[in-house]
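Undergrad: Below you will find the structure I want to go over with you.
Every number here is computed from the coordinates shown, using simple stated rules; none is lab data. Here the structure is a predicted model, which is why all the values come from computation and not from measurement. Cβ placement follows ideal geometry from the backbone for every residue including glycine, while neighbour counts extend to all protein chains displayed.
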Amino acid sequence: MCGIVGVVSRDQCNQQIYDSLLLLQHRGQDSTGIATMDGSVFHINKSKGQVREAYRTRDMRSLIGKVGLGHVRYATKGAAHREEEAQPFYVNAPYGIILVHNGNLTNTRELEKELFKVDRRHTNTSSDTEMLLNVLATELNSSIKGKDINPNDLFTAVSRLHARVEGSYASIALIAGYGLLAFRDPFGIRPLVIGKRLKENNKPEWVIASESLVIENNDYQIVRDVKPGEAIFITSEGEFFSKQCSNHPQLFPCSFEYVYLARPDSIMNGISVYESRLRMGDLLAETIKKQITCGDVDVVMPIPDSSRPAAMQVARQLGIEYREGFFKNRYVGRTFIMPGQSLRKRSVRQKLNAMSTEFQNKNVLIVDDSVVRGTTSQQIVQMARTAGANKVTFTSAAPPIRYPHVYGINMPSRNELIAYNRNINEIEENLLIDKMIYQEVEDLTKAITSNSNIKELDLSCFTGKYVTGTVTDEYLNWVEKTSLS
């Protein structure tokens, strides 16, 4: 999972990209990068760490141009600590292309061989983004018919890319001297939203980003989502072109975006993240009613922040008092996306503190958005006990996560997942809780897709059914052996 943004502006775009990346910081903390285009000249700055730490005034002054893109990275492929793995990536032919990518390719082994032996291209990192860029460059080079690029050349290249690449990818690229290209995989797994605003003389400016909050906070109007399999080309002058580049596009947005990853004030695929989380709480409450006597619970508490909407609705539907017992240190990043189990474990205590007056001698029902590895949950339960809780019931707004997520979220190993090969009693014993209650898969689907035209979701980490149809046990075993620890 990463955050990406692309801008075609009438003015210098560096500050706008910087501001957009601040809004997308929750999508990646490992590294960040900005590239701008001044005519046919690229200016690039990328660094490890978060946005506020990465760019100095002199860096921003060097990012000249009215067209540009930006990226915040949460490593799922490649080494998190290597600055060379930071995006964007660049190739010098044809014309010069810079690309950022949110997602995860699932046929990198095959692509690596094809790129070297057939396309005669070299990749210098283990990043699947660099592979995606080189595939695009190869296909664009063979698609150009005249002296100059036209939109159909770009759309042909993206069509050929779709035929070669498997997995999830929402991507934005700069073509030197021409403009901005954006495209989304044929299943629409990762989000990508288009925004527009008019400047003087009704000349348009454009932004394409992972989440709608970027569009709204920069005073653009949301136009629509990039469709699955679609490519968008915007010239440096703001002329807009689009084409469906897949023969069989289907929309399967990632359910985990709505559970945890996206900010609640975003709308993706026409679905409000906040409203979907409220519905998760409503439906979770119905499941809770079937499993416990509500009179045995004194208070409902969220794990801040992403579970708060669901917890409020659980309390409301159960008629139980809602209280804030855990307080968050906002200067610590999101523990789920921190690389390495030891760092996640240490950061939980730095991030949360339990206020004993809210727990003393109470039967507490804790609501979290999801339970992945169990590292955070186990420590939260211990904090509640230490603060004086009499009884702890733990609930998850998402179903049990039993399978790896291979489309851009760092859940690569089955053995790391608390729910893998464990029943509810074993999970309760492992987490040292009195009762564990999960959301049903059908209810999660209903919570997200209600009031929308979406019929299907990527639920692979809950069901083991991978929407691209190309993920095998052999591949999962390989991912576990080569994944980040």
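Undergrad: If the viscosity is 1.567 mPa s and the temperature 4 °C, what Stokes-Einstein diffusion coefficient in µm²/s follows for the stretch 36-144 when Rh is the Kirkwood radius over Cα pairs?
TA: After rounding, the answer is 86 µm²/s.
Undergrad: Something else: When only Cα pairs under 8 Å and 6 or more residues apart are kept, what is the percent relative contact order across the stretch 166-291?
TA: So the answer I get is 23 percent.
Undergrad: Can you compute the modelled spin-label distance between I64 and D265, with each label point 7 Å from Cα toward Cβ, in nm?
TA: So the two model labels end up 3.5 nm from each other.
Undergrad: Say a paramagnetic label sat at a point 7 Å from the Cα of T463, along Cα to Cβ; which residues of the stretch 376-406 have their backbone N under 18 Å from it?
TA: 398-406
Undergrad: On to the next question. For I144 and D305 in the same chain, what is the full-extension length gain: residue separation times 0.36 nm, less their Cα-Cα distance, in nm?
TA: 53.1 nm
Undergrad: Still on this structure, please answer the following. To make sure I understand the rule: partners must be lysines, Cα under 30 Å from the Cα of K66, and not fewer than 8 residues away in the same chain. Which ones qualify?
TA: Correct list for K66: K46, K48, K145, K147, K196, K199, K203, K227, K243.
Undergrad: So the label point goes 7 Å from the Cα of R109 along Cα→C-beta, right? Which residues of the stretch 455-485 then have their backbone N under 13 Å from it?
TA: 471-483
Undergrad: Another question about this same structure. If I require 18 Å or longer along the helix axis, counting alpha carbons, and a Kyte-Doolittle average no lower than 0.0, what helices from the chain are left? Use full DSSP H segments.
TA: 128-143
Undergrad: Classify the stretch 2-251: rounded, prolate or oblate, from the alpha-carbon gyration tensor (a ≥ b ≥ c, eigenvalue square roots; a/c under 1.5 rounded; otherwise prolate if a/b is larger than b/c)?
TA: rounded
Undergrad: Continuing with the same structure: Give the Debye-formula value of log10 I(q)/I(0) at each listed q (0.14, 0.19 Å⁻¹), with one equal scatterer per alpha carbon of the stretch 275-456, two decimals each.
TA: Calculated log10 I(q)/I(0) at the listed q: -0.75, -1.41.
Undergrad: Further, regarding this structure: For the chain, what is the convex hull volume of its Cα atoms per residue in Å³?
TA: Spread over its residues, the Cα hull of the chain gives 138 Å³ apiece.
Undergrad: May I ask you to compute the full-extension gain from N247 to N415, defined as 0.36 nm times their residue separation minus their alpha-carbon distance, rounded to one decimal in nm?
TA: So the chain would gain 56.8 nm between N247 and N415.
Undergrad: What does the extension gain come out to for R402 and N361, with contour length at 0.36 nm per residue minus their alpha carbon separation?
TA: My answer for the length gained is 11.4 nm.
Undergrad: Right, another one. In deg cm²/dmol, rounded to 500, what helix-only [θ] at 222 nm does the chain give when every DSSP H run of at least 4 residues adds -39500 (n - 2.57) and the total is split over its residues?
TA: Computed mean residue ellipticity for the chain: -9000 deg cm²/dmol.
Undergrad: In terms of modelled amide H atoms, which long-range or inter-chain residues lie less than 5 Å from the amide H of D225?
TA: It is I194, by chain and number.
Undergrad: For the stretch 11-64 and the stretch 435-484, compute the distance between their C-alpha centroids and round to whole Å.
TA: One Cα centre to the other: 33 Å.
Undergrad: For the stretch 407-461, what class follows from the C-alpha gyration tensor (a ≥ b ≥ c being the square roots of its eigenvalues): rounded when a/c is under 1.5, otherwise prolate if a/b is larger than b/c, else oblate?
TA: Verdict is oblate for the stretch 407-461.
Undergrad: For Cα pairs less than 8 Å apart in space and 6+ apart in sequence, what is the mean separation divided by the residue count of the stretch 275-456, i.e. the relative contact order in percent?
TA: Dividing the mean separation by the residue count of the stretch 275-456 yields 24 percent.
Undergrad: Please tell me the relative contact order of the stretch 8-161 in percent, rounded to the nearest whole number, where contacts are Cα pairs under 8 Å and at least six residues apart.
TA: Contact order relative to length: 20 percent.
Undergrad: Ok, one more. What distance in nm lies between label points placed 7 Å from Cα along the C-beta direction at E428 and V41?
TA: Simple spin-label model gives 6.8 nm for this pair.
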